[in-house]
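Novice: Here's a structure for you.
The values are calculated or read from the model by the stated rules, or taken from the named source; none is laboratory data. The model shown is predicted, which means the values in this text are computed figures rather than measured ones. Note that we place each Cβ from the backbone using ideal geometry, even for glycine, and neighbour counts take in every protein chain shown.
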Amino acid sequence: MTQSAFRAQLLTFNGDPAQSSNAAVFNEDGLLIVEDGHVVAAGVYAALASQLAPGTHVEEMRDKLIVPGFIDTHIHYPQTDMIASPAPGLLPWLETYTFPIERRFTDPAYARDTASFFVDELLASGTTTALVYCTVHKESADALFTRSEARNLRMVVGKVLMDRNCPEFLRDTAQSGYDDSAELIGRWHNRGRQMYALTPRFALTSTEAQLEACGVLAGKHPDIFIQSHVAENHDEVKWVADLFPGHRSYLDIYDGWFHPPFRAAATPTGFRARASPRRAATENAQHVRVREQAQHDRERVREVNGVRHAHGAFAEQVVRDRFAARRVPVEHPLGVLEFEQRVRQPTFG
Ligand SMILES: [Zn+2]
């Protein structure tokens, strides 16, 4: 047994801070004891110091704050080299930057290299768990899982499902997306600290057949995660309303495919009609309804899995984790709030 210890300011959690104001615990003079790479004790220095094994060196870090490892609930590792690329909106941003760079992941060497840099950067920033999008290529998921496993991080990872409204070179099919996802689940889900997330990019880029196949696969793996996007942009929302008429809301599309009983319980109010210019005369009333709808969807997401928004807006978020209220556990490696951000050579000038 190898023991090490750190005397520092400590912030720990004994519950969900969204549920309880007492969940966060701060120790101004704290002690963290680590044995063989695992935290065995954390708390007030005066109370824990007597538990130190004889001869254990205590590293003095009293001007530092030690926190649990961060959990990033939404990140795309293929976009590592295109961070901060400017565009007037989501759809042109995808066309101009995202899809071309995702094409590079047909090359496994590029995928491995990016995965390695990405994982190192997460760790350097104190992030020890993340829910990660890959590209449509199953090799991109293999590359990230392999690197994450080597560093013994907990990662929830998915190959993107995308069988329409994207360049041909990034397209799978309902069948190939199903088969590739099933293969990756078999290889990686619950292997050590690795977990799988079915990853339909968003409703626009999946046919109903693909969403249905995704729902079937989710049904076969009740502990699997599903991640996607919802309502990030007005143009996207209008397009989705045209593609999926008859749904109460954007979120309702996912609800329908991934959890049929709730689909039946939803109140269809004609999402398409609200987006139609012919209804402009009642725009104010519609606006209110859209806001009510957004509120309904926010409550729905909480009801589904207690997940709060990954961003401030009702945009990037985990749609659900199969209604199991499953949480990625908070980890306790050192997450010192002091890091350097590295940037690779920018892909776009
Ligand atoms: Zn995203």
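Novice: Consider residue 87 against the criteria (1) surrounded by 14 or more Cβ atoms within 10 Å (Cβ to Cβ); (2) among the small types (Gly, Ala, Ser); (3) over 22 Å from residue 227 (Cβ atoms): it satisfies all of them except one. Which criterion is unmet?
Specialist: Of (1) surrounded by 14 or more Cβ atoms within 10 Å (Cβ to Cβ); (2) among the small types (Gly, Ala, Ser); (3) over 22 Å from residue 227 (Cβ atoms), only one is false for residue 87: (1).
Novice: Taking the criterion of being within 30 Å of residue 142 (Cβ to Cβ) and touching a residue at least 24 places away in the same chain (Cβ under 8 Å), would at least one residue in region 11-32 satisfy it?
Specialist: Of the residues in region 11-32, the ones within 30 Å of residue 142 (Cβ to Cβ) are none.
Checked region 11-32: no residue is within 30 Å of residue 142 (Cβ to Cβ) and touching a residue at least 24 places away in the same chain (Cβ under 8 Å).
Novice: Tell me which residues, restricted to region 97-133, are within 16 Å of the ligand (Cβ to nearest atom) and either surrounded by fewer than 16 Cβ atoms within 10 Å (Cβ to Cβ) or among the small types (Gly, Ala, Ser) (or both).
Specialist: 130
Novice: Pick out the one residue from 32, 48 that is modelled with pLDDT of 95 or more, surrounded by 14 or more Cβ atoms within 10 Å (Cβ to Cβ), within 30 Å of the chain's Cα centre (by Cα) and not assigned by TED's automatic domain parsing to the domain that holds residue 151.
Specialist: On the way: 48 fails: within 30 Å of the chain's Cα centre (by Cα).
Exactly one residue qualifies, and that residue is 32.
Novice: Further question: Filter region 224-235 down to residues that are modelled with pLDDT of 85 or more and either aromatic (Phe, Trp, Tyr) or out of contact with any strand residue (DSSP E or B) (no Cβ under 8 Å at 6 or more places or on another chain) (or both), then give me how many there are.
Specialist: Looking only at that region, the number is 1.
Novice: Separate question: Consider residue 88 carefully, then state whether it is free of Cβ contacts under 8 Å to residues at least 40 places away in the same chain and not in a helix (DSSP H, G or I).
Specialist: On the way: free of Cβ contacts under 8 Å to residues at least 40 places away in the same chain: yes; not in a helix (DSSP H, G or I): yes.
Taking the combined requirement at face value, the residue satisfies it.
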